[in-house]
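Engineer: A single structure is presented below for examination.
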Amino acid sequence: ITKIEGTLSITISNDLTLEVTGYTGLYDGVTHFVSSVPSDTNGTTLYYSTTGGTDLDDYSTTPIGVKNVRESKTIYVAAVNPNYETAFDSAAITLGKRTVALTSATDSKEYDGTPLTNAGVTQTGTGFVGTEGFESAPAATGTILNVGSTANTLEIPALKDNTLAGNYTITKIEGTLSITISNDLT
């Protein structure tokens, strides 16, 4: 009786797929990551890169997050499993700037010999996130004494230390202060 053993072989499959989903939205103070879903999670390790390519030396198992607008980028992901050819995919994380518009008050009055001022400022737009914002409250500083009109000037205050200017588009819109002719001259 002679025994001749055959060989069982399993070859690497190229059926592993990877779906990577990015994120697009306004800056919100949260670190965002891509969502990566391989078709077979059993034994699959995900690797991340900002340069892409097929050289796994350029990848790391540490997920790459984006928190600030200036960090927006494409994240490349490799799904590595010893039973499959490595699968690659990528997606972008894009954060847009929030808007803050400061509008100084518009006001008018009839001439009475006293200056017209109005420090009121209205803040509109998508606004600041959490405790981020200005170090001090914005205030208009325009003034007018005689008949005519002038801009109700407004300076944008300094930002708090925890507020990155690159995450916001800050604009100012100056109102108008007007003094009209009085009818009370006798």
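Engineer: From the list ILE144, ILE173, ILE156, which one is in contact with a Leu (Cβ under 8 Å, 6 or more places away or on another chain) and open to solvent by less than 50 Å² (accessible area, probe 1.4 Å)? Before you say what the answer is, go through the steps one by one.
Structural biologist: Working: ILE173 fails: open to solvent by less than 50 Å² (accessible area, probe 1.4 Å); ILE156 fails: open to solvent by less than 50 Å² (accessible area, probe 1.4 Å).
ILE144 is the lone residue from the list that is in contact with a Leu (Cβ under 8 Å, 6 or more places away or on another chain) and open to solvent by less than 50 Å² (accessible area, probe 1.4 Å).
Engineer: Kindly list, by first and then second residue, each pair from a residue in segment 39-55 that is closer than 15 Å to GLU85 by Cβ to a residue that is β-branched (Val, Ile, Thr) and open to solvent by 50 Å² or more (accessible area, probe 1.4 Å), limited to pairs with Cβ atoms under 6 Å and residues at least 6 apart or on different chains.
Structural biologist: From segment 39-55, the pairs are SER39/THR17; TYR47/THR61.
Engineer: Here's a follow-up. Which one of the conditions (1) under 25 Å from the mean Cα position of the chain (by Cα); (2) open to solvent by 70 Å² or more (accessible area, probe 1.4 Å) does PRO82 fail to meet, given that it meets all the rest?
Structural biologist: (1)
Engineer: What's the total number of residues in segment 119-138 that are surrounded by 17 or more Cβ atoms within 10 Å (Cβ to Cβ), farther than 17 Å from GLY29 by Cα and not aliphatic (A, V, I, L, M)? Break it down into steps so the answer makes sense when it comes.
Structural biologist: The initial filter retains those residues of segment 119-138 that are surrounded by 17 or more Cβ atoms within 10 Å (Cβ to Cβ), namely 121, 128-129, 132-134, 138.
Still in the list and also farther than 17 Å from GLY29 by Cα: 121, 138.
Retained after the next criterion (residues that are not aliphatic (A, V, I, L, M)): 138.
Selection size over segment 119-138: 1.
Engineer: Go through segment 159-170 residue by residue and tally those that are open to solvent by 30 Å² or more (accessible area, probe 1.4 Å) and either of a type in the set (S, T, N, Q) or more than 16 Å from the chain's Cα centre (by Cα) (or both). Explain how you work it out, then say what you get.
Structural biologist: Looking only at segment 159-170, we keep the residues that are open to solvent by 30 Å² or more (accessible area, probe 1.4 Å), and these are 159-162, 164-166, 169-170.
Filter once more, so that each one left must be either of a type in the set (S, T, N, Q) or more than 16 Å from the chain's Cα centre (by Cα) (or both): 159-162, 169.
Number of matching residues: 5.
Engineer: Which of (1) within 16 Å of TYR27 (Cβ to Cβ); (2) in a strand (DSSP E or B); (3) open to solvent by 70 Å² or more (accessible area, probe 1.4 Å) is the odd one out, the single condition SER149 does not satisfy?
Structural biologist: Of the numbered conditions (1) within 16 Å of TYR27 (Cβ to Cβ); (2) in a strand (DSSP E or B); (3) open to solvent by 70 Å² or more (accessible area, probe 1.4 Å), the odd one out for SER149 is (1).
Engineer: Based on what the data block shows, is LYS160 closer than 23 Å to ARG98 by Cα and either modelled with pLDDT under 95 or in contact with a Gly (Cβ under 9 Å, 6 or more places away or on another chain) (or both)?
Structural biologist: Numbers: closer than 23 Å to ARG98 by Cα: yes; either modelled with pLDDT under 95 or in contact with a Gly (Cβ under 9 Å, 6 or more places away or on another chain) (or both): yes.
Answer is yes for this residue.
Engineer: Moving on. Could you list all residues from segment 60-77 that are touching a His at 6+ places or on another chain (Cβ under 8 Å), part of a loop (DSSP other than H, G, I, E, B) and open to solvent by less than 50 Å² (accessible area, probe 1.4 Å)? Write out each step before concluding.
Structural biologist: Initial filter on segment 60-77 (touching a His at 6+ places or on another chain (Cβ under 8 Å)): 65-67.
Right, trim to part of a loop (DSSP other than H, G, I, E, B) and you get 65, 67.
Passing the criteria: only GLY65.
Engineer: What are the residue pairs meeting all of these: first residue in segment 23-35, first residue closer than 16 Å to VAL100 by Cα, second residue open to solvent by 30 Å² or more (accessible area, probe 1.4 Å) and not in a loop (DSSP other than H, G, I, E, B), Cβ atoms under 8 Å, and 6 or more apart or on different chains?
Structural biologist: LEU26/ARG98; TYR27/ARG98
Engineer: Filter segment 13-42 for residues that are touching a helix residue (DSSP H, G or I) at 6+ places or on another chain (Cβ under 6 Å) and more than 14 Å from SER72 (Cα to Cα) and give the result.
Structural biologist: Going residue by residue through segment 13-42, those that are touching a helix residue (DSSP H, G or I) at 6+ places or on another chain (Cβ under 6 Å) are 27.
Across segment 13-42, there are no qualifying residues.
Engineer: Another one. Tell me, please, whether a residue that is buried (at least 18 other Cβ atoms within 10 Å of the Cβ), touching a Lys or Arg at 6+ places or on another chain (Cβ under 9 Å) and assigned to a loop (DSSP other than H, G, I, E, B) can be found in segment 94-115.
Structural biologist: Within segment 94-115 (the criterion being buried (at least 18 other Cβ atoms within 10 Å of the Cβ), touching a Lys or Arg at 6+ places or on another chain (Cβ under 9 Å) and assigned to a loop (DSSP other than H, G, I, E, B)), the answer is no, since none of the residues qualifies.
The values are calculated or read from the model by the stated rules, or taken from the named source; none is laboratory data. Bear in mind the structure is a predicted one, so any value in this text is a computation, not a measurement. Every residue, glycine as well, gets a Cβ built from its backbone with ideal geometry; the counts of neighbours run over all protein chains shown. Side chains are part of the model used for accessible areas, which takes the heavy atoms of the whole protein and leaves out ligands, DNA and RNA. Shrake-Rupley method; radii C 1.70, N 1.55, O 1.52, S 1.80 Å.
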